[in-house]
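Following: one structure in structure tokens, then a few remarks.
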Amino acid sequence: MSIRLFHRDARIVLPRGVIDGAHVWFAAHRRPVAWAALFAPALLLVGVTCQPDGDGLRFGSGNIRWRRGRLGTTIRLRLPPCSEKKAVLLARGLLKVARYGRPADGANS
């Protein structure tokens, strides 16, 4: 996985807030994005193992799910129980991955 530090080729990902305990983001894009190929390596970097679960990934008692729509994808991140500081750090890190991440295996993005 590589992460670009500049805005070139970045996705537009808008945070919608925390709804029912889940961080909700909207990613505007035209082509399909291989979200699992982006999020799985990022979760492994912070020591969290994950398993594919339909249109999403499950890690412990948390999960990240995405639903493709006409104009983009809605992403819902539900974190496992942890401190507020750790939750903010994980959510912000995964938001950056959604914006700037590139899959290592060359999948669509």
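Details
- For residue 58: the one exception among (1) surrounded by 14 or more Cβ atoms within 10 Å (Cβ to Cβ); (2) of a type in the set (D, E, K, R); (3) under 19 Å from residue 13 (Cα atoms): (3)
- Which numbered condition residue 38 fails, given (1) in contact (Cβ under 8 Å) with a residue 60 or more places away in the chain; (2) surrounded by fewer than 19 Cβ atoms within 10 Å (Cβ to Cβ): (2)
- Restricting region 64-87 to residues that are closer than 12 Å to residue 28 by Cβ and in contact with a helix residue (DSSP H, G or I) (Cβ under 8 Å, 6 or more places away or on another chain), the residue that is surrounded by the fewest Cβ atoms within 10 Å (Cβ to Cβ) is 73.
- Boolean, residue 48 is surrounded by 15 or more Cβ atoms within 10 Å (Cβ to Cβ) and over 12 Å from the mean Cα position of the chain (by Cα): yes
- Strands (runs of 3 or more DSSP E) wholly inside the chain that include at least 1 residues being modelled with pLDDT under 90: 12-19
- Close Cβ contacts (under 8 Å, 6 or more residues apart or on different chains) running from residues in region 66-88 that are closer than 13 Å to residue 34 by Cα and in contact (Cβ under 8 Å) with a residue 12 or more places away in the chain to residues that are of a type outside the set (Asp, Glu) and part of a loop (DSSP other than H, G, I, E, B) comprise 68/32; 72/29; 73/29; 73/33.
The values are calculated or read from the model by the stated rules, or taken from the named source; none is laboratory data. Quick caveat, the model's predicted, so the values are computed rather than measured. For neighbour counting, all protein chains shown are included, and Cβ atoms are generated from backbone atoms with ideal geometry for every residue, glycine included.
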